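> Here it is, the structure in full.
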Amino acid sequence: MLISNSFKFDDQSEQIAFMKRYSFATIITSHNNLPIATQLPFVVNEVNGKVLISGHFAQTNEQVKYIEQYTSLIIFTEPHAYISPSHYEKHESVPTWDYISVHAYGKANIISDEKAKEQALKEMILYYEKEYLVQWDSLSEKFKQGMMRGIVAFEMEVSNLQGKKKLSQNKSEQERDNIVSHLENSNNAVERELAPFIKNLKP
């Protein structure tokens, strides 16, 4: 990822918190110089200093064949907003886009052990809707096993984590105030969500 000094985002604890908050992301794996991508919900954990990301594909997804052999890239991003030059003090200005993104690289391991696979699935349930676990546990083993056969669970240990916060850090305080005011009053929920990230920038 191209990251200028103004937009560095390299605090790992903040990066992990961001990935957990915006955990529906895109995993990309290359095969024969052709990128293959899938949008998935992920569970992100830090264990003994290692960043681990788990998820599951549909069993029929071609990308499954390549995640152990090749390095994958998972892109976590959101929120974002178009930034109009009308917020700037200088007439000679151009539009831009503000956003936050974290790129996680690594090779994944397929979880083949059935108990470990179900545990990974339960961890995802607990993360996204813990109340559903009661319903899941009450389902018949036949139904659950059928569902489990339809997915391929995996875990990826992150080998390289890159982050970028492009939040108008290269603009004046007044210009950022103008941008925040505009975003806070936007009709677009994603734009409103970006406003606090800019407002809370450390001087």
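The values are calculated or read from the model by the stated rules, or taken from the named source; none is laboratory data. All values derive from a computational prediction rather than experimental measurement. Cβ sites come from the backbone with ideal geometry, for glycine too, and all protein chains shown count toward neighbours. For the accessible areas, the whole protein counts, side chains as well, though only heavy atoms, and no ligand, DNA or RNA atoms are used. Shrake-Rupley method; radii C 1.70, N 1.55, O 1.52, S 1.80 Å.
> Could you run through the stretch 38-58 and say how many residues are part of a strand (DSSP E or B) and either among the hydroxyl-bearing types (Ser, Thr, Tyr) or open to solvent by less than 60 Å² (accessible area, probe 1.4 Å) (or both)?
Here the count works out to 14.
> Related question: Give me a count of the residues in the stretch 146-161 that are assigned to a strand (DSSP E or B) and either aliphatic (A, V, I, L, M) or open to solvent by less than 40 Å² (accessible area, probe 1.4 Å) (or both).
Count: 6.
> How many residues, within the stretch 71-100, are open to solvent by 10 Å² or more (accessible area, probe 1.4 Å) and closer than 27 Å to residue 27 by Cβ? If you could, list the steps in order and put the result at the bottom.
First, the residues of the stretch 71-100 that are open to solvent by 10 Å² or more (accessible area, probe 1.4 Å): 71, 73, 75, 77-78, 80, 82, 84-97, 99.
Then drop every residue that is not closer than 27 Å to residue 27 by Cβ, which leaves 71, 73, 75, 77-78, 80, 82, 97, 99.
Number satisfying all stated conditions: 9.
> Looking for whichever is open to solvent by 30 Å² or more (accessible area, probe 1.4 Å), at pLDDT below 95 and either of a type in the set (D, E, K, R) or more than 20 Å from residue 8 (Cβ to Cβ) (or both) here; the options are 141, 131. Which one fits?
Within the list 141, 131, the selection yields 141.
> Next question, about the same structure. Is at least one residue of the stretch 19-31 of a type in the set (Lys, Arg) and either assigned to a strand (DSSP E or B) or farther than 23 Å from residue 196 by Cα (or both)?
no
> Just wondering, is there one or more residues in the stretch 181-190 that are part of a helix (DSSP H, G or I), among the acidic types (Asp, Glu) and at pLDDT 95 or above?
yes
> I need the full set of residues from the stretch 184-203 which are under 22 Å from the mean Cα position of the chain (by Cα) and open to solvent by less than 90 Å² (accessible area, probe 1.4 Å), in order please.
188, 189, 190, 191, 193, 194, 195, 196, 197, 198, 201
> Anything in the stretch 1-27 that is closer than 22 Å to residue 117 by Cα and open to solvent by 20 Å² or more (accessible area, probe 1.4 Å)? List them, or say none.
Within the stretch 1-27, 20, 24, 26 meet the criteria.
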